[in-house]
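These notes are about the structure you will find just below.
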Amino acid sequence: MSISQRSILILASSIAFGFGALNDSAQAQDLTFGLLAPGGVPGPPGGGGGDGGGGDGGGSLADAVRYSWMHADVQGAWDDGYGGQGTTITFVDDFNSGYVFAGTLTDDPCLDAGTCTALHHGDWTAMQGELIAPLANIVRRDWSGGPVKLKNGFNVLNLSYGMYAAPGFASVRWNKQENSILDYAANGDAVIAKAAGNGCGAETGQTADLCGSTTGKLDYLAWDLIGTEGTIFVGALTDHGSGTLAYYSNIAGDNTTVQNQFLVAGVDSSDMGFAGTSFAAPQVAGYAAILSSKFTSATPGQVVDQLLGTADSSFASYEPRLHGQGEADLSMALAPDKIQ
Amino acid sequence: MRIRQDSSDNWASLARGRISACLSFAFCLFAFPASGQEFLADTRLVEARMGSSLSSTVRKAEQGGYRLARGGEVRFSDWYSTSWQDLRLTWITALSKDLGIYWGFGTGERGGKYEIDPSLKLGFLAKQELDDGQTLMFAATTVLWGRLSEDSCIADYGAIGGVQEVNCRLAATPLPPADTLEYLYDAPPADRFVLSLTYDWRF
């Protein structure tokens, strides 16, 4: 029974394509995957695949520009010469489908006006990571390929998508791609920045039944990432420091395990030109890269713990059920616990 | 720097209508007869300054601070402020009509995480009268000791970084903790060696 869809975590309607498998007891189940994109004209299902675009890491801090959608802490990191060097951020995302859309991540008038070639969802999320951590090796990995391979050094995986299906399956037999990701998460081999989802306040790992195309469905990828050492779920605030959850963002929920691995980050849609927890996760992925540049011997699990343990929960509206550990705070994560 | 001008016609006139080409600071000379008995009379204070350039460096560091990872705050003023800034006093004693010596000292200063050592200043000033009210003066001074040094801190980064020796000011930056030690203050006085050539032309 085809019951699942892959969904980019951005506000939009969807079209299904792809493949996958759920295993309910001994019976294999095919999945149907879905792709969401706002503002773009749906095209034919894309083939994509492959081992992903090559990383570059060829950015320069001298050329780096802190755009208004970025947290001010990022500038401080650059000023000190750190932009994620020695780190690879792999964006597992859509780079090949027919769905493209315009945004305003940069001051490029071509992109801003949407008059030039619009970009895939993955191009935008990877651009975010590249802009925040310009010295990191950025790998663009289309999501329809085989196992995700880690690079030498410190690895961060950005997952701005979900794997949706009707609830009720006790276990999932994943394809090679998600299987590799889940292994990395469970073993603590990489930091996994996972967008929480756009279920309008649905609990992470629970059925999203409040709004959007994922209504009534469960993100099984999130479900299986709960409790893994390397995973951070990332919800969206309306802006940095606002303390106000974006109306579309999923929440941590009542599960304390999820609360303990849940952060929020500001997604100012007026600056970016689009919205969604898809664009919260790359910020945390970039923070993880910068953090690993400082603590060069730290494990992914330690970087995860540091980001979660230093989140800002000092704002008035803070609730663990909504914000998990709070808003990701790069400057706090870089600071010592004690000093004398 | 305070400039003390002698009342004698010879030197006071230099202060009027002159063109100076200075490599460091401008000053006026004092014409005194050189003798041991008249040492005090032949000596003038030429510099009295609270705070050296190294003090200024530390004053800049005094601003700011950072939040600690698990709550609390570091204020740099706790480590880099002082109730007494390096006091520099310099005198010149005329040995002859054309030669004087500089001598003086700095008290140094100390804060929670830094120290400017006391210093001693020595030097001389030679003057050569040229034709038509033109004067050439050469001065050389050196400051002994007076170095700025900074203490490190011990920072506890918890599981991610452990306990490490760090630069107190940079402990919360993205720099790896060990690398921050390269940026500890360790500097000699900015005026450790000063040569000055001054040409005066009275017109």
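A search for C-beta distances below 8 Å between a residue of the stretch A:169-198 that is over 25 Å from residue A:287 (Cβ atoms) and any residue that is part of a loop (DSSP other than H, G, I, E, B) and of a type in the set (S, T, N, Q), counting only pairs 6+ apart in sequence or on different chains, returns A:170/A:25.
Being among the polar types (S, T, N, Q) and more than 16 Å from the chain's Cα centre (by Cα) is the filter here; which residues of the stretch A:231-250 pass it? Steps first, please.
The first filter runs over the stretch A:231-250 and keeps only residues among the polar types (S, T, N, Q), leaving A:231, A:238, A:242, A:244, A:249-250.
If the condition is that a residue be among the polar types (S, T, N, Q) and more than 16 Å from the chain's Cα centre (by Cα), then A:238, A:242, A:244 are the ones that fit.
Residue B:69 satisfies every condition listed in (1) over 30 Å from residue A:312 (Cα atoms); (2) not in a strand (DSSP E or B) except (1).
In the set (1) at pLDDT 95 or above; (2) buried (at least 20 other Cβ atoms within 10 Å of the Cβ), residue A:257 fails one condition alone, (2).
The residues in the stretch B:128-146 that are touching a residue at least 40 places away in the same chain (Cβ under 8 Å) and either within 30 Å of the chain's Cα centre (by Cα) or within 14 Å of chain A (Cβ to nearest Cβ) (or both) can be counted, and the count is 10. When residue B:93 is tested against the conditions (1) over 13 Å from residue B:46 (Cα atoms); (2) touching a residue at least 24 places away in the same chain (Cβ under 8 Å), the lone failure is (1). Mind listing whichever residues of the stretch A:203-221 are modelled with pLDDT of 90 or more and under 16 Å from residue A:321 (Cβ atoms)? Those that are modelled with pLDDT of 90 or more and under 16 Å from residue A:321 (Cβ atoms): A:203, A:204. Annotation note: Cβ proximity below 7 Å between a residue of the stretch A:60-86 that is away from every other protein chain (no Cβ under 13 Å) and in a helix (DSSP H, G or I) and a residue that is surrounded by fewer than 20 Cβ atoms within 10 Å (Cβ to Cβ) and among the hydroxyl-bearing types (Ser, Thr, Tyr) (sequence gap 6+ or interchain) occurs for no pair. The single residue among B:77, B:81 that is within 30 Å of residue A:336 (Cβ to Cβ), touching a helix residue (DSSP H, G or I) at 6+ places or on another chain (Cβ under 9 Å) and surrounded by fewer than 17 Cβ atoms within 10 Å (Cβ to Cβ) turns out to be B:81. Looking only at the stretch A:246-264, decide whether some residue is in contact with a Pro (Cβ under 6 Å, 6 or more places away or on another chain) and away from chain B (no Cβ under 14 Å). Yes; the residues of the stretch A:246-264 include at least one that is in contact with a Pro (Cβ under 6 Å, 6 or more places away or on another chain) and away from chain B (no Cβ under 14 Å).
In the set (1) closer than 30 Å to residue A:333 by Cα; (2) under 23 Å from the mean Cα position of the chain (by Cα), residue B:78 fails one condition alone, (2).
Within the stretch A:265-277, work out how many residues are assigned to a helix (DSSP H, G or I) and touching a strand residue (DSSP E or B) at 6+ places or on another chain (Cβ under 6 Å). So that I can check it myself, show each step before the final result.
First pass over the stretch A:265-277, keeping only residues assigned to a helix (DSSP H, G or I): A:269-272, A:277.
Restricting the remaining residues to those that are touching a strand residue (DSSP E or B) at 6+ places or on another chain (Cβ under 6 Å) gives A:277.
Number satisfying all stated conditions: 1.
Under the condition of being touching an Asp or Glu at 6+ places or on another chain (Cβ under 6 Å) and within 25 Å of residue A:265 (Cβ to Cβ), which residue from the stretch A:164-185 is surrounded by the most Cβ atoms within 10 Å (Cβ to Cβ)? Once the filter is applied, the top-ranked residue is A:164. What about residue B:102, is it of a type in the set (Phe, Trp, Tyr) and within 14 Å of chain A (Cβ to nearest Cβ)? Taking the combined requirement at face value, the residue does not satisfy it. The helices (runs of 4 or more DSSP H) located wholly in the stretch A:278-340 that include 1 or more residues which are under 25 Å from residue A:105 (Cα atoms) and within 9 Å of chain B (Cβ to nearest Cβ) occupy A:281-294, A:330-334. Residue A:190 meets the conditions (1) crowded, with 18+ Cβ neighbours inside 10 Å; (2) within 20 Å of residue A:324 (Cα to Cα) in every case but one. The failed one is (2). Taken over the stretch B:86-120, the criterion of being modelled with pLDDT of 95 or more and in a loop (DSSP other than H, G, I, E, B) is satisfied by B:86, B:107, B:108, B:111, B:112, B:113, B:117, B:118.
Going through (1) in a strand (DSSP E or B); (2) closer than 30 Å to residue B:97 by Cβ one by one, residue B:131 falls short only on (1).
Can you give me the ranges of the strands (runs of 3 or more DSSP E) entirely in the stretch B:147-203 with at least 2 residues that are touching a Pro at 6+ places or on another chain (Cβ under 7 Å), surrounded by 16 or more Cβ atoms within 10 Å (Cβ to Cβ) and more than 7 Å from every other protein chain (Cβ to nearest Cβ)? Before you say what the answer is, go through the steps one by one.
Values: elements: B:148-150, B:153-156, B:163-166, B:193-201.
In the stretch B:147-203, the matching strands (runs of 3 or more DSSP E) lie at B:163-166.
Within the stretch A:322-339, is there a residue that is more than 30 Å from residue B:153 (Cα to Cα), touching a Phe, Trp or Tyr at 6+ places or on another chain (Cβ under 7 Å) and not acidic (Asp, Glu)? Checked against the condition, which is being more than 30 Å from residue B:153 (Cα to Cα), touching a Phe, Trp or Tyr at 6+ places or on another chain (Cβ under 7 Å) and not acidic (Asp, Glu), the stretch A:322-339 yields at least one hit. Residues in the stretch A:299-331 that are among the hydrophobic types (A, V, I, L, M, F, W, C) and over 21 Å from the mean Cα position of the chain (by Cα): A:315, A:316.
The values are calculated or read from the model by the stated rules, or taken from the named source; none is laboratory data. This is a predicted model, so every value here is computed, not measured. Methodologically, a virtual Cβ is constructed for each residue, glycine included, from the backbone with ideal geometry; neighbour enumeration extends over all protein chains shown.
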